[in-house]
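One structure below.
The values are calculated or read from the model by the stated rules, or taken from the named source; none is laboratory data. Note that the structure is predicted; figures quoted are calculated from it, not measured. Counting neighbours? That spans all protein chains shown, and the Cβs are built from the backbone with ideal geometry, glycine included. The area values use the complete protein model at the heavy-atom level, side chains included, leaving out ligands, DNA and RNA. Shrake-Rupley method; radii C 1.70, N 1.55, O 1.52, S 1.80 Å.
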Amino acid sequence: EQVILFQNRRGYAPQIECKQCAWVPRCPNCDVSLTYHKAFNKLTCHYCGHTEAVPDQCPECKNDSLSMKGFGTEQIETEVTMLFPTARVARMDLDTTRSKRSLSNLLDNFESQKLDILVGTQMVTKGLDFEHVGLVGILNADNLLNFPDFRAYEKAFQMLVQVSGRAGRKHHQGMVMLQTSQPEHSVIRQVVDNNYRAFFDSQMIERQRFNYPPYCRLIQIVLKHRDARIVTTAAYNLVNVLKRVSTSQVLGPDNPVVGRIQNLYIKHILLKVGINNSFENAKRVVDSAVADLRLNPDYKSLIVYMDVDPM
């Protein structure tokens, strides 16, 4: 039988850290730490593609002790190969499937049982049907839960159930091993029990309480600029106008999880449009407010776009 190991994080380690002063290398273009890729021996930004060499010592305190924090698919592949030296192991993530035929070759090899263990990101969760997979391992499932998004539990439940479904597809029941530090978490329990109804009911109660879809509709306004001061001022000006002219609930402006990407600072504004209100009218109000904002010469290079019902 074959095994699929799922970890929704590529690379060898999400970050490296100095043991002495806790310095962490960060991307010069984005507000994220750099991920270590052992195959290239490089630090890489997964947002803009910036790469740089791994330092021999901490540039802040000159200490030689740099440690790996966390683990990605590359590290799992390395450790699995060490633990099971006779097993044929492969990895399926963005790094290993960039070329035209690499993905189909990988899938063909796994399908024909030329591989024993497949380590992968969410690419392994969707629509794959392998007859001989008897075990699926989900590593660090908590990463999917602890995300600042009202749909985080929905996405986590969906992904965990989907990847679990890769085991025991044909002739007999498979086994799923789920690694978590929160075994009594409601979503984890609902996944283990395959209790979609309980999950759905709890999410609907929570969304009604805090006025999220399907009890309202959303319009997310995204503003970007190379100058943090300009994008912040523009966002507050736009919020003040919307609160004055719109009947919708206006939230923000606030910073997204990653507040700067490719040297563009980002602000988010969220409108909650009641299901009994005219959504078309709400969109017209937003379009008009944004058009008025663009008339200001200070905002000539400001990037503004709307995401209706963001997923």
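Comparison of Val250, Val290, Val286 shows that the only residue that is in a strand (DSSP E or B), hydrophobic (A, V, I, L, M, F, W, C) and either open to solvent by less than 80 Å² (accessible area, probe 1.4 Å) or within 13 Å of Ile221 (Cβ to Cβ) (or both) is Val250.
Is region 235-247 home to any residue that is hydroxyl-bearing (Ser, Thr, Tyr), outside any helix (DSSP H, G or I) and more than 14 Å from Phe150 (Cβ to Cβ)? Within region 235-247 (the criterion being hydroxyl-bearing (Ser, Thr, Tyr), outside any helix (DSSP H, G or I) and more than 14 Å from Phe150 (Cβ to Cβ)), the answer is yes, since at least one residue qualifies. Is there a residue being small (Gly, Ala, Ser), under 17 Å from Glu1 (Cα atoms) and at pLDDT 90 or above anywhere in region 164-171? No, there is no match, as no residue in region 164-171 is small (Gly, Ala, Ser), under 17 Å from Glu1 (Cα atoms) and at pLDDT 90 or above. Do we find that Leu178 is touching a Pro at 6+ places or on another chain (Cβ under 8 Å), touching a residue at least 24 places away in the same chain (Cβ under 8 Å), of a type outside the set (Ser, Thr, Tyr) and surrounded by 13 or more Cβ atoms within 10 Å (Cβ to Cβ) in this structure? Taking the combined requirement at face value, the residue does not satisfy it.
Among Ile261, Ile205, Ile219, which is the only one that is free of Cβ contacts under 8 Å to residues at least 12 places away in the same chain and either buried (at least 17 other Cβ atoms within 10 Å of the Cβ) or of a type in the set (A, V, I, L, M, F, W, C) (or both)? Break it down into steps so the answer makes sense when it comes.
On the way: Ile261 fails: free of Cβ contacts under 8 Å to residues at least 12 places away in the same chain; Ile219 fails: free of Cβ contacts under 8 Å to residues at least 12 places away in the same chain.
Within the list Ile261, Ile205, Ile219, the selection yields Ile205.
Against the conditions (1) under 21 Å from the mean Cα position of the chain (by Cα); (2) open to solvent by less than 30 Å² (accessible area, probe 1.4 Å); (3) within 23 Å of Pro85 (Cα to Cα), Ala152 satisfies every one except (3). Of the residues making up region 107-126, those that are over 17 Å from Glu74 (Cα atoms), hydroxyl-bearing (Ser, Thr, Tyr) and surrounded by 15 or more Cβ atoms within 10 Å (Cβ to Cβ) number 1. Yes or no: region 28-35 includes at least one residue that is more than 16 Å from the chain's Cα centre (by Cα) and of a type in the set (Gly, Ala, Ser). No - not one qualifying residue is present in region 28-35. His172 fulfils the conditions (1) surrounded by 12 or more Cβ atoms within 10 Å (Cβ to Cβ); (2) part of a loop (DSSP other than H, G, I, E, B) except for a single criterion, (1).
Taken together, Met311, Met306 contain a single residue that is part of a loop (DSSP other than H, G, I, E, B), closer than 21 Å to Asp149 by Cβ and either open to solvent by less than 60 Å² (accessible area, probe 1.4 Å) or in contact (Cβ under 8 Å) with a residue 60 or more places away in the chain (or both), which is Met311.
The one condition from (1) open to solvent by 40 Å² or more (accessible area, probe 1.4 Å); (2) of a type outside the set (Ser, Thr, Tyr); (3) at pLDDT 90 or above; (4) under 19 Å from the mean Cα position of the chain (by Cα) that Lys42 does not meet is (4).
The rows are residues; the columns are (1) touching a residue at least 12 places away in the same chain (Cβ under 8 Å); (2) farther than 25 Å from Gly120 by Cβ.
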| site | (1), (2) |
| --- | --- |
| Pro28 | yes, yes |
| Val32 | yes, no |
| Phe40 | no, no |
| Glu52 | yes, yes |
| Pro59 | yes, yes |
| Lys62 | no, yes |
| Ser67 | yes, yes |
| Glu74 | yes, no |
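Among the residues of region 49-67, those that are surrounded by 15 or more Cβ atoms within 10 Å (Cβ to Cβ) and either part of a strand (DSSP E or B) or aliphatic (A, V, I, L, M) (or both) comprise Val54, Leu66. Within region 1-21, being surrounded by fewer than 17 Cβ atoms within 10 Å (Cβ to Cβ) and in contact with an Asp or Glu (Cβ under 9 Å, 6 or more places away or on another chain) holds for Glu1, Gln20, Cys21. For region 183-220, residues that are under 30 Å from Asn281 (Cβ atoms) and either of a type in the set (Ser, Thr, Tyr) or touching a Ser or Thr at 6+ places or on another chain (Cβ under 6 Å) (or both) total 2.
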